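S.K.: Just passing along the structure, written as structure tokens.
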Amino acid sequence: GDDESDVFMFSIEDTDNGGVVGTSQIKAQMGGPGNPNYAFKVFQREFRSASLGFGTTHLVARLHEDTTGPTEVGGLIIQPSYRGHRDKPGRLLSFVRFHFIGLHRSLFGDRLLAEMMAPVSNAGDNVFWDHIGRKFIPVKYSEADRFCQHNRRFIDELLPKEDIYLSLLPLDVLNTVAQVSSETVPARRLLERLGFAYKGFIDPFDGGPHLEAVAGDVPLVRDTRWTTVAGTAPESKRTTSAIVSVTDGDAEFRAILQPVQIDSGGRVLLAPEHLEALRVEKGDTVGITPLTPSPSHSTGKGSGAKSTSKPSSASSKGGGAKASSKPSASKQARDSAPQTTKPASKKPTRNGVAPVPRKPRKPIENR
């Protein structure tokens, strides 16, 4: 394929049973000079007749080449049985990407991109593709998607450089432009609360919106830092919800989202079971992203943001989870069923040393 950028994939584990229930990922650089990322720029064109005294406005799309190489966040997948779970595993899976970027700023760009999933039928069809893309690239949506996994040159070769008048589309198709599937709505809202915004760019295949943010303006990136584990703290003292992570000697990354105590020196104190889940002890260095004060302290119940628990203890109702990742130098991959990725000493093949699960082009969140 065209892309040689590092991909960091995260998996989330139900610590009740050890099963992986979701994945997310970061692509360090999406395209770049000589290897553009493509989108449609959507804007309005006005026409006016002086002789008639009136005019019209049309919504148009123009092919856009992005060679700046933004960092892409995406690949968010949650098993259907865990969607709507009170522990909100998708929240940790989404947030942990920005926590990781905050810890390793030099690995990622200043501009963040999320290509959101547009509505796709159960048969894998997309109405925007059927009315626009397929007129110029006469293959099924799923087949064009497979082409993109190898290279994107055909987009520049076959899609027109001239403006495409979206206002000529049937209204039901026009209404899907820059919209997301129902499964993607929560992911979009979550990103927008973090500062991501739609700036008029859509996917040239399915018409899904591209959301953008400046990395340093995203609170989860800006507020992330390194600190030291100061020991354990009782529940009454653990009043700050935070992502806490560790990277061990094998470059294996583990993270939890739990109520913690932060002392006057900025060090973190955790529950004993959370030290166990992270496999850390007093004096170890960890990453931390403080969030809002945890409501679990006042209610005694697991908060919606709770994401890990003692690996062998939590019940099926309050099952915890933890996120783990190992950086992979693989090309961007897709997944259909979440599974933990393995470290690779060399760039893996799709079914080689470091198998990365395949997925549809835009699972839940993005390509």
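S.K.: Of all the residues that make up segment 154-184, how many are surrounded by 13 or more Cβ atoms within 10 Å (Cβ to Cβ), over 27 Å from ASN122 (Cβ atoms) and of a type in the set (D, E, K, R)?
M.R.: Of the residues in that region, 1 qualify.
S.K.: Right, another one. Has segment 48-58 got at least one residue that is over 19 Å from the mean Cα position of the chain (by Cα) and within 29 Å of ARG152 (Cβ to Cβ)?
M.R.: Yes, segment 48-58 has at least one match.
S.K.: Let me ask you something else. Could you check segment 3-43 and list, in sequence order, the residues that are farther than 30 Å from ASN175 by Cα and among the aromatic types (Phe, Trp, Tyr)?
M.R.: If the condition is that a residue be farther than 30 Å from ASN175 by Cα and among the aromatic types (Phe, Trp, Tyr), then PHE8, PHE10 are the ones that fit.
S.K.: Further question: Would you pick out the residues in segment 117-138 that are in a loop (DSSP other than H, G, I, E, B), closer than 21 Å to HIS210 by Cβ and hydrophobic (A, V, I, L, M, F, W, C)?
M.R.: Within segment 117-138, MET117, ALA118, VAL120, ILE137 qualify.
S.K.: Same structure, new question: How many residues, within segment 186-217, are hydrophobic (A, V, I, L, M, F, W, C), surrounded by fewer than 24 Cβ atoms within 10 Å (Cβ to Cβ) and closer than 22 Å to ILE132 by Cβ?
M.R.: Residues in segment 186-217 being hydrophobic (A, V, I, L, M, F, W, C), surrounded by fewer than 24 Cβ atoms within 10 Å (Cβ to Cβ) and closer than 22 Å to ILE132 by Cβ: 1 in total.
S.K.: A further question follows. Quick one: GLY31 ticks every box in (1) under 30 Å from VAL244 (Cβ atoms); (2) within 18 Å of the chain's Cα centre (by Cα) bar one, so which box is it?
M.R.: Status for GLY31: all satisfied but (1).
S.K.: Name the one entry in ILE12, ILE77 that is buried (at least 23 other Cβ atoms within 10 Å of the Cβ) and in contact with a helix residue (DSSP H, G or I) (Cβ under 7 Å, 6 or more places away or on another chain).
M.R.: Of the residues listed, the single one that is buried (at least 23 other Cβ atoms within 10 Å of the Cβ) and in contact with a helix residue (DSSP H, G or I) (Cβ under 7 Å, 6 or more places away or on another chain) is ILE12.
S.K.: Can I ask one more? For a quick check of your reading of the model, give me the residue pairs whose first member lies in segment 275-294 and is at pLDDT below 95, whose second is basic (Lys, Arg), with beta-carbon atoms closer than 6 Å and at least 6 apart or on different chains.
M.R.: Qualifying pairs under 6 Å: ALA277/LYS322.
S.K.: Which one of the conditions (1) free of Cβ contacts under 8 Å to residues at least 60 places away in the same chain; (2) in a strand (DSSP E or B) does ALA114 fail to meet, given that it meets all the rest?
M.R.: Looking at each condition in turn, ALA114 falls short on (1).
S.K.: Among GLU143, GLU115, GLU162, which is the only one that is among the acidic types (Asp, Glu) and either at pLDDT below 95 or on the phi > 0 side of the Ramachandran plot (or both)?
M.R.: The unique qualifying residue is GLU143.
S.K.: If only one of GLY34, GLY53 is modelled with pLDDT under 95 and either surrounded by fewer than 21 Cβ atoms within 10 Å (Cβ to Cβ) or closer than 26 Å to ILE77 by Cα (or both), which one is it?
M.R.: Just one listed residue meets the conditions, GLY34.
S.K.: Give just the number: which of (1) under 30 Å from ASP163 (Cα atoms); (2) over 15 Å from the mean Cα position of the chain (by Cα) does PRO70 not satisfy?
M.R.: Result: PRO70 fails condition (2) only.
S.K.: If you don't mind, another one. Among the strands (runs of 3 or more DSSP E) lying completely within segment 31-93, list those that include at least 2 residues that are aromatic (Phe, Trp, Tyr).
M.R.: 37-49
The values are calculated or read from the model by the stated rules, or taken from the named source; none is laboratory data. Please read all numbers here as calculations on a predicted model, not as lab measurements. Every residue, glycine as well, gets a Cβ built from its backbone with ideal geometry; the counts of neighbours run over all protein chains shown.
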